[in-house]
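Asker: Below you'll find the structure I mean.
The values are calculated or read from the model by the stated rules, or taken from the named source; none is laboratory data. Keep in mind that what you see is a predicted model, and the values were worked out from it rather than measured. Glycine gets a Cβ as well: all are built from the backbone with ideal geometry, and neighbour counts include every protein chain shown. Accessible surface is based on the protein model in full, side chains and every heavy atom, while ligands, DNA and RNA are left aside. Shrake-Rupley method; radii C 1.70, N 1.55, O 1.52, S 1.80 Å.
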Amino acid sequence: MTLFRASGILLHPTSFPGRFGIGELGPEAYQFIDFLTASGQQYWQVLPLGPTGFGNSPYMCYSAVAGNPLLISLELLRNEGFLAEEDLARAPEFPGDRVDYEKVIAFKMPLLQQACENFKVRASDIQKTKFAGFCESKAYWLDDYCLYMALKEANQGASWYEWDPALVKRDPSTLDHWGRRLNTEIVFHKFLQFIFFQQWSALKQYANERGIQIIGDIPIYVAHDSADVWANPDAFCLDEETYRPSLMAGVPPDYFSATGQLWGNPVYNWEHLQQTDFRWWIHRFEAMLDYVDLIRIDHFRGFESFWAVEPDPEVPPEEWTAEKGEWVEAPGKEFFEMLREKLGKLPILAEDLGVITPEVEELRDYFEFPGMKILQFAFGSDPGNPFLPFNFPRNCLVYTGTHDNDTTVGWFESREDWEREAILRYIGHISPDGIHWDLIRLALSSVANLAIIPVQDLLGLGTWARMNFPGKPEGNWEWRYWGGNLSPELAERLRSLTYTFGRAPQPKGQPHT
C-alpha cells in the first residue's frame with residue numbers, strides 16, 4: 001500500500017487520564033480524538049489491545065485478538081445503567097501519572113462482575129440480541145478464549161501446560177465437563193469482550209467520522225501461556241510430552257547484547273500452518289481488521305526468517321540465552337500472497353528495525369509494505385545511515401522514537417558529547433522550544449509519507465515518562481498523562497506545523513498528495 005502524506009500520534013489507551021487508575025475507552029478517549037482533529041492529525045497508533053498477563057506487556061497477552069477488560073469505561077457502563085454512581089464513588093486514590101495495575105485490578109474487576117450480573121437482569125431485548133449475535137459471530141476465537149480464562153482462574157492462575165493432562169490435551173469430554181461447570185465464569189468473560197468491543201467500536205467510529213484512522217499492532221509471536229497456543233498447539237513448535245516450547249523465539253547476539261534476546265515465545269510450526277492455508281494467521285488478521293484500519297507488524301523480519309533457539313535441558317531456564325540458535329526460513333511470501341487473496345488490499349506497515357537483510361527488504365518491497373524510520377537512530381554514524389531523513393524513501397513512516405525508545409528529551413540528555421555535536425550539525429541548533437520540537441519538526445518536514453509522534457515528545461517529557469525499557473521485566477507500560485496536558489495551545493502549535501509541512505487533511509474531493 002502507498003500512504004498519503006499525513007501525520008499522527010502514538011499513544012496507548014492505558015495512558016489516558018481519568019479517575020480510575022488506568023486509561024479507559026470513555027470520555028477522555030473521545031477528548032483525545034478531538035485533540036487529534038483539532039491538531040490536524042489523521043492517524044492514531046496504538047499498541048496491542050489484548051488482555052495482559054504478568055508484567056502487563058501488551059506484547060505478551062492471553063489472546064492475540066481479545067480486548068483488555070481493564071480498558072472498559074466504568075462511566076459508560078454507568079450511563080447504560082449497569083453500574084450506579086455510588087459504585088464509581090468508591091474508587092480509591094490512584095496515581096495520576098502511572099498505572100498501578102494491581103490496585104486497578106483489585107478495584108475494577110469486582111465492578112465489572114457486578115455490571116455483568118446487572119446486565120443479565122436489566123439488559124433490554126435489543127442488548128441481549130446484540131450480545132448473542134456477538135458471541136455467535138466471534139465464536140471462532142471467543143469460545144476458546146473464555147474457556148481458557150475460566151480454566152486459568154479455576155487453576156489459581158497456573159499456565160495451561162500445568163493443568164490436568166486431559167485439559168492440556170483438550171480431551172473433548174473433559175472440555176465439555178468443565179465448560180458446563182464454569183458456565184457462569186465463561187459468560188462473564190464473554191460479557192467483558194462484548195462490552196470492550198462495543199465501546200471500542202463506538203470510539204473507532206467516532207474517530208473515523210472525523211478523518212482519523214487507527215493503526216493497530218500485531219506482535220509476530222504470541223505468549224506461550226495464551227488461549228492461542230492452548231487451542232492451536234499444532235501451529236507452534238511444542239514438546240509433544242510437556243507442551244513447552246521445543247524452539248523459542250528471539251534474536252541473536254548483536255551490538256546491543258552479547259547473549260542476544262530470548263523472548264520465550266514458541267516459534268511457529270510453519271509447515272503445519274502452510275498445510276492449513278495459514279488459517280490461524282488469516283483469522284488473526286481478519287479479527288484485527290474488525291477494530292483497526294491499518295496493522296503494524298512487529299518484528300516483520302520473522303516472516304522471512306526467524307531466530308530459533310532449542311532450550312538446553314542441562315541448563316536452568318533462568319540461565320538460557322539466545323546465543324545457540326539458528327536462522328530458519330519462513331514462508332512469508334506464500335503467506336502474504338494467501339492473505340492478499342483472502343483480504344484483497346493489505347493495509348500493512350512493516351516494523352523493519354534491527355539487522356535487516358536484503359531478503360527481508362525484498363519481501364517488504366514485493367508487497368509494498370511501508371517500513372519504519374526512527375530519528376533517534378539517525379545521528380551515530382556516517383551519511384549512509386538509513387535513518388537520516390535525506391535517505392528516506394517516500395513510502396515509509398518516520399518516528400521521533402517508538403514505545404521501546406527513550407523520550408526524545410531523555411534520549412538527547414543521555415547522548416555523548418560527540419553525538420550531540422553530530423545532531424547539532426544536522427539540525428543547526430537547539431531551538432528555544434527544545435530538542436523535542438526540533439525532532440518533531442524534522443519528522444514532519446521529511447519526505448516520509450507518514451510521520452508519527454509519541455505524545456511524550458509532544459509534551460517534552462523526560463525519561464521518567466518512557467513507556468518501555470526492553471529487557472526490564474517490571475515497571476513498564478505504566479505512564480499516563482494528566483488531564484489538561486493536551487491543551488488547545490498544544491493542538492494549535494502542532495496544527496500549524498502539520499499545515500506548514502503539507503500533512504493536514506485535504507478538503508473533501510481534493511486528492512491526497
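Asker: How many of the residues making up segment 377-388 are in contact (Cβ under 8 Å) with a residue 40 or more places away in the chain and under 17 Å from Ile452 (Cα atoms)?
Answerer: As a first pass, look at segment 377-388 and keep what is in contact (Cβ under 8 Å) with a residue 40 or more places away in the chain: 378-380.
Now drop any that are not under 17 Å from Ile452 (Cα atoms), which leaves 378.
Final tally of qualifying residues: 1.
Asker: Would you check if Phe35 is open to solvent by less than 50 Å² (accessible area, probe 1.4 Å), in contact (Cβ under 8 Å) with a residue 24 or more places away in the chain, closer than 27 Å to Glu286 by Cβ and outside any loop (DSSP other than H, G, I, E, B)?
Answerer: So Phe35 fails the test.
Asker: May I ask you to list the residues in segment 38-57 that are open to solvent by 10 Å² or more (accessible area, probe 1.4 Å) and in a strand (DSSP E or B)?
Answerer: Thr52
Asker: Looking only at segment 383-393, which residues are assigned to a loop (DSSP other than H, G, I, E, B) and either surrounded by fewer than 13 Cβ atoms within 10 Å (Cβ to Cβ) or acidic (Asp, Glu) (or both)?
Answerer: Applying the first criterion (assigned to a loop (DSSP other than H, G, I, E, B)) to segment 383-393 yields 383-388, 392-393.
Pro383, Gly384 - these are the residues of segment 383-393 that are assigned to a loop (DSSP other than H, G, I, E, B) and either surrounded by fewer than 13 Cβ atoms within 10 Å (Cβ to Cβ) or acidic (Asp, Glu) (or both).
Asker: Looking only at segment 247-288, count every residue that is part of a strand (DSSP E or B), open to solvent by less than 10 Å² (accessible area, probe 1.4 Å) and small (Gly, Ala, Ser) and tell me the total.
Answerer: Of the residues in that region, 2 qualify.
Asker: For segment 469-482, give me the residue count where each residue is out of contact with any strand residue (DSSP E or B) (no Cβ under 9 Å at 6 or more places or on another chain) and open to solvent by 60 Å² or more (accessible area, probe 1.4 Å).
Answerer: Final tally of qualifying residues: 5.
Asker: Out of Ala66, Ala139, which single residue is at pLDDT 95 or above and under 26 Å from Trp477 (Cβ atoms)?
Answerer: Working: Ala139 fails: under 26 Å from Trp477 (Cβ atoms).
Just one listed residue meets the conditions, Ala66.
Asker: Right, something else. Determine whether segment 444-459 contains at least one residue that is at pLDDT 95 or above, in contact with a Lys or Arg (Cβ under 6 Å, 6 or more places away or on another chain) and surrounded by fewer than 16 Cβ atoms within 10 Å (Cβ to Cβ).
Answerer: Yes, segment 444-459 has at least one match.
Asker: Looking at (1) open to solvent by 50 Å² or more (accessible area, probe 1.4 Å); (2) without any contact (Cβ under 8 Å) to a residue 60 or more places away in the chain; (3) over 25 Å from Asn68 (Cα atoms); (4) not small (Gly, Ala, Ser), can you tell me which one Leu238 breaks?
Answerer: Unmet condition: (1).
Asker: Would you be able to tell me the number of residues in segment 98-116 that are in a loop (DSSP other than H, G, I, E, B) and crowded, with 18+ Cβ neighbours inside 10 Å? Can you show your working first?
Answerer: Narrowing segment 98-116 to residues in a loop (DSSP other than H, G, I, E, B): 99-100.
Now narrow it down to the ones that are crowded, with 18+ Cβ neighbours inside 10 Å: 99.
Adding up the residues that qualify gives 1.
Asker: Do any helices (runs of 4 or more DSSP H) lying entirely in segment 122-193 carry at least 1 residues that are open to solvent by 20 Å² or more (accessible area, probe 1.4 Å), more than 23 Å from Pro266 (Cα to Cα) and out of contact with any His (no Cβ under 6 Å at 6 or more places or on another chain), and which ones are they? Don't jump to the end; show me each part of the working.
Answerer: Working: elements: 125-137, 139-154, 165-168, 172-181.
Once the helices (runs of 4 or more DSSP H) in segment 122-193 are filtered for at least 1 residues that are open to solvent by 20 Å² or more (accessible area, probe 1.4 Å), more than 23 Å from Pro266 (Cα to Cα) and out of contact with any His (no Cβ under 6 Å at 6 or more places or on another chain), what remains is 125-137, 139-154, 172-181.
Asker: Which of (1) at pLDDT below 95; (2) open to solvent by 10 Å² or more (accessible area, probe 1.4 Å); (3) over 17 Å from the mean Cα position of the chain (by Cα); (4) not acidic (Asp, Glu) is the odd one out, the single condition Leu353 does not satisfy?
Answerer: Result: Leu353 fails condition (3) only.
Asker: Could you please find all residues in segment 347-382 being in a loop (DSSP other than H, G, I, E, B) and hydroxyl-bearing (Ser, Thr, Tyr)? Can you show your working first?
Answerer: Narrowing segment 347-382 to residues in a loop (DSSP other than H, G, I, E, B): 347, 351-357, 367-370, 378-382.
Correct list: Thr357, Ser381.
Asker: Take segment 87-97 and flag every residue that is out of contact with any helix residue (DSSP H, G or I) (no Cβ under 9 Å at 6 or more places or on another chain) and either among the aromatic types (Phe, Trp, Tyr) or in a helix (DSSP H, G or I) (or both). Spell out the reasoning first.
Answerer: Going residue by residue through segment 87-97, those that are out of contact with any helix residue (DSSP H, G or I) (no Cβ under 9 Å at 6 or more places or on another chain) are 89, 93, 96.
Answer for segment 87-97, where residues must be out of contact with any helix residue (DSSP H, G or I) (no Cβ under 9 Å at 6 or more places or on another chain) and either among the aromatic types (Phe, Trp, Tyr) or in a helix (DSSP H, G or I) (or both): just Ala89.
Asker: Moving on. Counting just the residues of segment 294-339 that are assigned to a loop (DSSP other than H, G, I, E, B) and in contact with a Phe, Trp or Tyr (Cβ under 8 Å, 6 or more places away or on another chain), which one comes out nearest to Ile356 (Cα to Cα)?
Answerer: Across segment 294-339, the extreme among qualifying residues is His299.
Asker: Go through segment 407-500 and tell me which helices (runs of 4 or more DSSP H), entirely inside it, have 1 or more residues that are more than 27 Å from Asp34 (Cβ to Cβ) and out of contact with any Cys (no Cβ under 9 Å at 6 or more places or on another chain). Don't jump to the end; show me each part of the working.
Answerer: Values: elements: 408-413, 417-427, 435-445, 455-458, 488-500.
Here the list reads 408-413, 417-427, 435-445.
Asker: Applying the selection to segment 1-18, what residues are farther than 21 Å from Gly211 by Cβ, touching a helix residue (DSSP H, G or I) at 6+ places or on another chain (Cβ under 8 Å) and open to solvent by 10 Å² or more (accessible area, probe 1.4 Å)?
Answerer: As a first pass, look at segment 1-18 and keep what is farther than 21 Å from Gly211 by Cβ: 12, 14-15, 17-18.
Going one step further and asking which of them are touching a helix residue (DSSP H, G or I) at 6+ places or on another chain (Cβ under 8 Å), we end up with 14-15, 17-18.
Of everything in segment 1-18, those that are farther than 21 Å from Gly211 by Cβ, touching a helix residue (DSSP H, G or I) at 6+ places or on another chain (Cβ under 8 Å) and open to solvent by 10 Å² or more (accessible area, probe 1.4 Å) turn out to be Pro17, Gly18.
Asker: Right, here's the next one. Tell me, yes or no, whether segment 323-336 has at least one residue that is at positive phi and out of contact with any strand residue (DSSP E or B) (no Cβ under 6 Å at 6 or more places or on another chain). So that I can check it myself, show each step before the final result.
Answerer: Keep residues of segment 323-336 that are at positive phi, which gives none.
Within segment 323-336, none of the residues are at positive phi and out of contact with any strand residue (DSSP E or B) (no Cβ under 6 Å at 6 or more places or on another chain).
Asker: Just one of (1) without any contact (Cβ under 8 Å) to a residue 24 or more places away in the chain; (2) open to solvent by 50 Å² or more (accessible area, probe 1.4 Å); (3) on the phi > 0 side of the Ramachandran plot; (4) not aromatic (Phe, Trp, Tyr) trips up Gly344, so point out which.
Answerer: For Gly344, the failing item is (2).
Asker: Name the residues in segment 181-209 that are more than 25 Å from Pro110 (Cβ to Cβ) and among the basic types (Lys, Arg), would you?
Answerer: Of everything in segment 181-209, just one residue is more than 25 Å from Pro110 (Cβ to Cβ) and among the basic types (Lys, Arg), namely Lys204.
Asker: Which residues, counting only those in segment 194-216, are open to solvent by 40 Å² or more (accessible area, probe 1.4 Å) and touching a Leu at 6+ places or on another chain (Cβ under 7 Å)?
Answerer: Passing the criteria: only Gln213.
Asker: Among (1) on the phi < 0 side of the Ramachandran plot; (2) buried (at least 21 other Cβ atoms within 10 Å of the Cβ); (3) touching a helix residue (DSSP H, G or I) at 6+ places or on another chain (Cβ under 7 Å); (4) in a loop (DSSP other than H, G, I, E, B), which single condition is Tyr291 missing?
Answerer: The failed condition is (2).
Asker: Let me ask another. Given the structure, is Asp406 over 30 Å from Glu329 (Cβ atoms) and open to solvent by 10 Å² or more (accessible area, probe 1.4 Å)?
Answerer: Values: over 30 Å from Glu329 (Cβ atoms): yes; open to solvent by 10 Å² or more (accessible area, probe 1.4 Å): yes.
Criteria met by Asp406.
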